[in-house]
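> The following block contains the structure, expressed as structure tokens.
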Number of protein chains: 2
Amino acid sequence: MGRYDDLMSLSLRKGFLIPSAEIYGGFAGFYDYGHNGARLRRKWEDLWIRYFLGLGENYHLIDTSTVMPYRVLKASGHVDLFTDILVYCTKCREPHRADQLIEAATGTSGEGMDADQVKAAIKKNGIRCQRCGGPLGDPVPFNIMFPVAVGPQGEDQGFLRPETAQGAYLSFKREFEILRKKLPLGLAMVGKAFRNEISPRQGTYRLREFHQAELQIFFDPDSFETNLDLEEVNDEVLRITWAEEREAVTEEGVKSLLSRGSIPAFYIYHLAKVQQFYENVLRVPRESFRLYEVTEAERAFYNKIHFDVQISLDSLSGFKEVAGVHYRTSYDLTRHEEHSKEKMKVFHEGKRFVPHVLELSFGIDRNVWALLDLDYDIGEKSVLRLPPQLAPFTCAVFPLVNKGGLPEMAKQAYRDLREWTDVLYDDTGSIGRRYARMDEIGTPYCLTFDYESLEKQDVTVRDRDSTDQVRVPVERIREVLSQLLEGTTTFEALKVGG
Amino acid sequence: MGRYDDLMSLSLRKGFLIPSAEIYGGFAGFYDYGHNGARLRRKWEDLWIRYFLGLGENYHLIDTSTVMPYRVLKASGHVDLFTDILVYCTKCREPHRADQLIEAATGTSGEGMDADQVKAAIKKNGIRCQRCGGPLGDPVPFNIMFPVAVGPQGEDQGFLRPETAQGAYLSFKREFEILRKKLPLGLAMVGKAFRNEISPRQGTYRLREFHQAELQIFFDPDSFETNLDLEEVNDEVLRITWAEEREAVTEEGVKSLLSRGSIPAFYIYHLAKVQQFYENVLRVPRESFRLYEVTEAERAFYNKIHFDVQISLDSLSGFKEVAGVHYRTSYDLTRHEEHSKEKMKVFHEGKRFVPHVLELSFGIDRNVWALLDLDYDIGEKSVLRLPPQLAPFTCAVFPLVNKGGLPEMAKQAYRDLREWTDVLYDDTGSIGRRYARMDEIGTPYCLTFDYESLEKQDVTVRDRDSTDQVRVPVERIREVLSQLLEGTTTFEALKVGG
């Protein structure tokens, strides 16, 4: 069984990611979150919000609707340009996404090709249907937005949003006013987006309904740099794959990158902050991380500078995109100004201009999948080594046996803990069996009440990763767990009497 | 200006609820959350999750997709029965929802009427178009789900889900297995639902895209009661409006209701728990709350017992539904068993049966609106008296003046606080002006650093509701704010040196 199957098995057995409408045989391109996946995702979102809103004093969370009117997506360019090239097999009628077809056949990306280029590539390389080997038809552009007809006669044409970003652009004018006309202004959103993918595949990696966490930073390109504390990232060494050096990773320090002058300082700062998020918060190993420069041909129509954030995943055979840093310039606000007739120019520090946008965009489902891949340690015992703050459950409470006052004591601790954190109660099977169940869903701490606990009013806390144990007084449980979660103490320190 | 306009003005000025695509003139039935609204809503969700998952040891959060395949909603009955009666004006072509038209014209509800009954009522009462006075056409049933065509040729017909509930029913079988076959089992979801309302109106009250928080409890009807701690609600006095006593509120104790025997104990227990959530957690005044019995004619096709939760709102001229308690029996699981051919019967404590479902269903947007209505206190000063745990920002940090080391000290405190809570920094205008800004968005605590702070390493904490102030050592800020939020101390106690 390969790594992908191992992860999918964990996912189904433990309730992380599950095909939607499974009892009806599934629904291609749609996945659900089971009870462990839903908590893991919500915790990832909480960490993301805390970290990225923390990049600026004027950065805020908003939430806009997922159905958007036609005019908005016409203005943004999505109605005309948000297309993939679709090609059908003339024999079995299987639809194919042309760029994927070309990449599979030639090993080089077909991204960014138009219909004519695809036609030429198919001819040149003799590409045929992946499914039945039949001849392929003429390639056509296919818009991957889902239309939604609103109103009793469908008179208000809309679409499910293809990205959360547009909601932030529409909100800019009002939020800029409310937030007292300061730049940079950050508007973050965490929510669903929808794309009618031609051939959804690779499990949860390319979904038709997916979750994004996006931060749109509106700024003055002349002065953004002066608002950032470059000192904070000065010593960071970035792991970059340059467009001309596919696929090699080059390590280069921030200072050196800044001195080159080819990429703006504000952009380098944010690449470094994103890398720090993956290294320090999500604990992704350095060698599994890279920033991947995207060429002009591959970039979306609105991006001037674009690096993908990629993580190397055994389950998907190599580096895969989980996020992106996009310098969208003033493109979006200018388009909305033209189409809505609302002025997007601001008067700021003596200058009148349309703010530029830097977008930090994260695919949440891909991040969740990546964490499962990186952290699922299959050995004699299977342990999901998630960072404690991301674990679906912070701790579990066990009575050693179901008698002699132990269940009552354990239940009381369970109820107290439930007031502030996510906790499970388990009184079935041997303690070893209960530890194993918790290890596999990543629960970092298990609390066992035994007869000594009754006497001494304490409990044995067991650490998932070291399997070490330490006795903690009952009245200090919450304090100790809080410190462990926040990293203000370690299990090692507790053992020597912290 | 009426109460509704006051609230809408607050909402727009401060970024709570804002019409979607506002710069394009809005999009009927769709609202966005601005930067204060988004945080308020997320905190409401966190409190809801903590409280309602806390009702059982085997209650869990899940999250399923919003686009659902045709077969699922055919099985659930929504394709055939999820309709409103639509009637057009023959003169101006304005669409009307028949039950609202009848209620507006006659004062009694038209809910549950079929097309023939509506036709008769229109004739009998001489009802004409509300807009132009023209004659009305023939009433027709109108399905209010949004269809979504999935796949390159739209070959996979789907709908945007009209309720989160169905996702939980589809997940039941797998989650029951994963969670080791225990009942009761609770599956909760917080997410969007969509209904193509014929005439969205009353601002955020009847939306086409809205947020639900729903808990589906799967149980054995013969033994559910024995799993519940009825003691916890024994002393609760419920505020009920019985179907036969419209609109009067009767207060009746839980013990008395139980002794009647007409409503199952498990149902009464959950009514009481929901009332406690509104009284104790959301702090809704007793007199503004009632549980409203819904008659058979008004009930949805899947409900056996149904009480609405209503809150009296000045902005909407009276009691309005914000939640509901629905006993859906085994209807949904049985239907999915028939249509999917997957067995939904469980073997539990020596018996084989299809579990019953109790649904606790909350409209989040309505709850947010209700809180704004109840808590917005317009006087000489305008104060949004939200419970501190729900306030968009827990606290704000001010330097008294922008010199002499005060900004540095205040900034440090701001950065430390940002690590664990939502905090604003404000150094503009007089302190009184800054307090006023915070009062209007409900920030419960303001921290001002003055010259004494530099000397004594402390800060003045000001309480929103009493406007009292107390000095707190810098190293105790987090501890004190945590205790205030959790209610383990009061501002009064702090003042006398707690």
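> Can you compute the helix-only [θ] at 222 nm over chain B? Use -39500 (n - 2.57) per DSSP H run of at least 4 residues, normalise by all residues, nearest 500 deg cm²/dmol. Don't skip to the answer; put the middle values down first.
Values: 16 runs with 161 residues, N = 498.
The helix contribution divided over chain B gives -9500 deg cm²/dmol.
> As an exercise, identify the trypsin sites (Lys or Arg not before Pro) in segment A:236-278 lying in DSSP coil whose Cβ has no more than 13 other Cβ atoms within 10 Å. If you can, show how the numbers build up before the last one.
Working: sites: A:ARG239, A:ARG246, A:LYS255, A:ARG260, A:LYS273; in loops: A:ARG246.
Answer by residue number: A:ARG246.
> Could you give the spread of the C-alpha atoms of segment A:88-237 along their three principal axes, from largest to smallest, in whole angstroms?
Sorted largest first, the three principal extents are 61, 55, 29 Å.
> Under a Cβ-only charge scheme (Lys and Arg +1, Asp and Glu -1), can you give me the dipole magnitude of segment A:24-160 about the Cα centre, in debye to the nearest 20? Before the final figure, lay out each step's value.
Working: 15 positive and 16 negative charges, 109 e Å.
So the dipole magnitude of segment A:24-160 works out to roughly 520 debye.
> Quick one: divide the alpha-carbon radius of gyration of segment B:216-273 by 2.2 N^0.38 Å and tell me what you get.
Working: Rg = 12.2 Å, N = 58, 2.2 N^0.38 = 10.3 Å.
Compared with the compact-globule rule of thumb, segment B:216-273 sits at 1.18.
> I need the shape label for segment A:33-86. Rule: rounded when a/c is under 1.5, else prolate if a/b > b/c, else oblate, with a, b, c from the alpha carbon gyration tensor. Write out the running numbers ahead of the final one.
Values: a/c = 2.62, a/b = 1.53, b/c = 1.71.
Since a/c reaches 1.5 but b/c is at least a/b, the shape of segment A:33-86 is classed as oblate.
> Pop a pseudo-label 7 angstrom from the Cα along the beta-carbon direction at both A:TYR451 and A:LYS182 and give the gap in nm to one decimal.
Modelled inter-label distance: 6.3 nm.
> A further question follows. For A:LYS495, list the lysines whose Cα falls under 20 Å from its own Cα; do not include residues on the same chain fewer than 8 positions away.
Filter leaves A:LYS456.
> Output the 0 to 90 degree angle, nearest 10, between the alpha-carbon long axis of helix A:477-486 and the longest principal axis computed from the alpha carbons of chain A.
Tilt of helix A:477-486: around 30 degrees.
> Return the sequence-ordered ³J(HN,Hα) values of segment A:168-182 in whole Hz as given by the Karplus equation 6.51 cos²θ - 1.76 cosθ + 1.60 applied to θ = phi - 60°, using x for Gly and Pro.
5, 5, 5, 7, 3, 4, 5, 5, 4, 5, 4, 8, 6, 6, 10
> Show me the three semi-axes of the equivalent ellipsoid for segment A:13-57, from the C-alpha gyration tensor (sqrt of 5 times each eigenvalue), largest first, rounded to whole Å. Present the calculation step by step, with values, prior to reporting the outcome.
Details: eigenvalues 185, 27, 5 Å².
In descending order, the three semi-axes are 30, 12, 5 Å.
> What's the magnitude of the charge dipole for segment A:439-498 around its Cα centre, counting Lys and Arg as +1 and Asp and Glu as -1 at the beta-carbon? Answer in Debye, nearest 20. Don't skip to the end; give the middle numbers.
Working: 7 positive and 13 negative charges, 29 e Å.
Roughly 140 debye for segment A:439-498.
> While we're looking at this one, here's another question. Taking K and R as +1 and D and E as -1, what net charge do the other residues with C-beta under 10 Å from the C-beta of A:LEU406 add up to?
Values: positive: A:LYS403, A:LYS411; negative: A:GLU408, A:ASP427, A:ASP450.
It works out to a net charge of -1.
> Taking only the C-alpha atoms, wrap a convex hull around segment B:226-376 and report its volume per residue in Å³ as a whole number.
On the way: hull volume 21.0 nm³, N = 151.
Value for segment B:226-376: 139 Å³ per residue.
> Under the Cβ-under-4.7 Å rule, which cysteines of chain B stay unpaired?
Here B:CYS395, B:CYS446 come out as lacking a disulfide-compatible partner, given the Cβ-Cβ threshold of under 4.7 Å.
> Name the residues whose placed amide hydrogens come within less than 5 Å of the amide hydrogen of B:HIS348, ignoring near sequence neighbours (fewer than 5 apart) on the same chain.
Distant-sequence amide H within range of B:HIS348: B:PHE353.
> For A:TYR59, enumerate residues with amide H under 5 Å from its amide H, sequence gap 5+ or separate chain, H modeled in the peptide plane.
A:GLY186
> Still on this model: How about segment A:279-338: which GluC sites (Glu not before Pro) there lie in a loop by DSSP and see at most 11 other Cβ atoms within 10 Å? Could the numbers behind the result be given before it?
Details: sites: A:GLU279, A:GLU287, A:GLU293, A:GLU296, A:GLU298, A:GLU321, A:GLU337, A:GLU338; in loops: A:GLU296, A:GLU298.
Passing both the DSSP loop test and the Cβ count: A:GLU296.
> Can you check what the net charge comes to around A:TYR331, using other residues whose Cβ is under 15 Å from the Cβ of A:TYR331 (Lys, Arg +1; Asp, Glu -1)? Can you show the working numbers first?
Working: positive: A:LYS74, A:ARG299, A:LYS304, A:ARG328, A:ARG335, A:LYS345; negative: A:ASP80, A:GLU163, A:GLU296, A:ASP332, A:GLU337, A:GLU338, A:GLU359.
Spelling it out: positives minus negatives among the neighbours equals -1.
> Moving to a separate point now. I need the semi-axes of the equivalent ellipsoid of the protein assembly as shown: take the C-alpha gyration tensor, multiply each eigenvalue by 5, square-root it, list largest first in whole angstrom.
40, 38, 34
> With 5 Å bins from zero, work out the P(r) of segment A:414-474 over every alpha carbon pair and list the percent per bin.
4, 17, 26, 29, 20, 4, 0
> Moving on. What Kirkwood Rh does segment B:211-309 have if only Cα atoms enter the pairwise 1/r average? Answer in Å.
Working: mean 1/r = 0.0689 Å⁻¹.
After inverting the mean inverse Cα-Cα distance, the result is 14.5 Å.
> Quick check: net charge around A:LYS304, other residues with Cβ under 14 Å of its Cβ, Lys/Arg +1 and Asp/Glu -1? Each step should come with its number before you reach the end.
Numbers: positive: A:ARG299, A:ARG328; negative: A:GLU293, A:GLU296, A:GLU298, A:ASP332, A:GLU359.
Its environment carries a net charge of -3.
> Once the dipole of chain B is set up with Lys and Arg at +1 and Asp and Glu at -1 on Cβ about the Cα centre, which of B:LEU160, B:GLY350, B:VAL309 lies farthest towards its positive end?
Value computed over the given set: B:LEU160.
> Relative to the other copies, what are the label-point distances for A:ASP235, with labels 7 Å from Cα along the C-beta vector, expressed in nm at one decimal and sorted shortest first?
Here A:ASP235 shows inter-copy label distances of 5.8 nm.
> Nearest 5 is fine: what % of DSSP beta bridges in the protein assembly as shown come out antiparallel, could you say? Walk me through the numbers before you get to the answer.
Working: 152 of 178 bridges.
Among the beta bridges of the protein assembly as shown, antiparallel pairing accounts for roughly 85 percent.
> Suppose every K and R has +1 on its Cβ and every D and E has -1 on its Cβ; what is the size of the dipole of segment B:288-406 about the Cα centre, in Debye to the nearest 20?
Working: 15 positive and 17 negative charges, 97 e Å.
So the dipole magnitude of segment B:288-406 works out to roughly 460 debye.
> Provide the FRET efficiency to the nearest 0.05 for the B:ASP229-A:GLU155 pair, computing r from the beta carbons and using R0 = 51 Å. Walk me through the intermediate numbers first.
Details: r = 53 Å, r/R0 = 1.03.
Here the calculated transfer efficiency is 0.45.
> Over the Cα atoms of segment A:90-172, how large are the radius of gyration and the largest Cα-Cα distance (Dmax), in Å?
17.7, 50
> Could I ask something else about it? State whether segment B:330-401 is rounded, prolate or oblate according to the following rule on the C-alpha gyration tensor (a ≥ b ≥ c being the square roots of its eigenvalues): a/c under 1.5 gives rounded; otherwise a/b larger than b/c gives prolate, and the remaining case gives oblate.
Numbers: a/c = 4.56, a/b = 3.34, b/c = 1.37.
Verdict is prolate for segment B:330-401.
> Once label points are set 7 Å from the Cα along Cα→Cβ at both B:HIS348 and B:VAL140, what is their separation, rounded to one decimal in nm?
Result for the modelled spin labels: 4.4 nm.
> For labels at B:THR490 and B:LYS403 in the simple 7 Å Cα→Cβ model, what's the distance in nm?
Simple spin-label model gives 4.3 nm for this pair.
> What do you get for the angle between helix A:431-440 and the principal long axis of chain A? Use alpha-carbon atoms, 0 to 90 degrees, nearest ten.
10
> On to the next question. Assign one of three labels to chain B, namely rounded, prolate or oblate, based on the Cα gyration tensor with a ≥ b ≥ c the square roots of its eigenvalues; rounded applies when a/c is under 1.5, prolate when it is not and a/b is larger than b/c, and oblate otherwise.
prolate
> May I pose another question? Amide H neighbours of B:VAL284 under 5 Å, at least 5 residues apart or on other chains, H built in the peptide plane: list them.
B:GLU279
> Every other copy gets compared here: list the nm distances from the A:GLU455 label point (7 Å along Cα to Cβ) to its counterparts, shortest first, one decimal.
Computed spacing set for this position: 5.5 nm.
> Give the calculated FRET efficiency between A:LEU81 and A:ARG50 to the nearest 0.05, with a Förster radius of 35 Å applied to their Cβ-Cβ distance. Can you show the working numbers first?
Details: r = 35 Å, r/R0 = 0.99.
Result of the calculation: an efficiency of 0.50.
> Separate question: Beyond 26 Å, what percent of the Cα pairs of segment B:24-183 remain? Please list the in-between numbers first.
On the way: 6879 of 12720 pairs.
Considering segment B:24-183, 54 percent of its Cα-Cα pairs are separated by more than 26 Å.
> Loop-only check: which GluC sites (Glu not before Pro) in segment A:164-251 are DSSP coil with at most 13 other Cβ within 10 angstrom?
Working: sites: A:GLU175, A:GLU177, A:GLU197, A:GLU209, A:GLU214, A:GLU225, A:GLU231, A:GLU232, A:GLU236, A:GLU244, A:GLU245, A:GLU247, A:GLU251; in loops: A:GLU197, A:GLU236, A:GLU247.
Listed in order of number, the matching sites are A:GLU247.
> Using alpha-carbon pairs under 8 Å, 6+ residues apart, how would you state the relative contact order of segment A:58-137 in percent?
Details: 78 pairs, mean separation 21.4, N = 80.
With pairs under 8 Å counted, the relative contact order is 27 percent.
> Sequence neighbours fewer than 8 away in the same chain don't count; with that in mind, list the lysines whose C-alpha is under 26 Å from B:LYS320.
B:LYS14, B:LYS43, B:LYS192, B:LYS273, B:LYS304
> How many nanometers, to one decimal and shortest first, lie between the label point of A:LYS304 and those of its other copies, if labels sit 7 Å from Cα toward Cβ?
6.5
> Using a Förster distance of 22 angstrom, determine the FRET efficiency expected from the C-beta separation of A:ARG471 and A:LYS381, and round it to 0.05. Please report the intermediate quantities before stating the final value.
Details: r = 23 Å, r/R0 = 1.05.
So the FRET efficiency works out to roughly 0.45.
> What's the center-to-center distance, using Cα atoms, between segment A:108-158 and segment A:261-300 in Å?
Between the Cα centres of segment A:108-158 and segment A:261-300 lies a distance of 31 Å.
> From the phi angles alone, apply the Karplus equation (6.51, -1.76, 1.60; θ = phi - 60°) to segment B:100-117 and give each ³J(HN,Hα) in whole Hz, x where the residue is Gly or Pro.
5, 4, 5, 5, 5, 7, 10, x, 10, 5, x, 5, x, 6, 8, 4, 5, 5
> Next question. Which parts of segment A:139-173 would a label at A:GLN117 reach, counting a residue when its backbone N lies under 19 Å from a point 7 Å out along Cα-to-Cβ?
A:139-144
Read-outs throughout are calculated quantities, based only on the coordinates presented, and are distinct from any laboratory measurement. These numbers come from a predicted model, not from an experiment. Neighbour counts run over all protein chains shown; Cβ positions are idealised from the backbone, glycine included.
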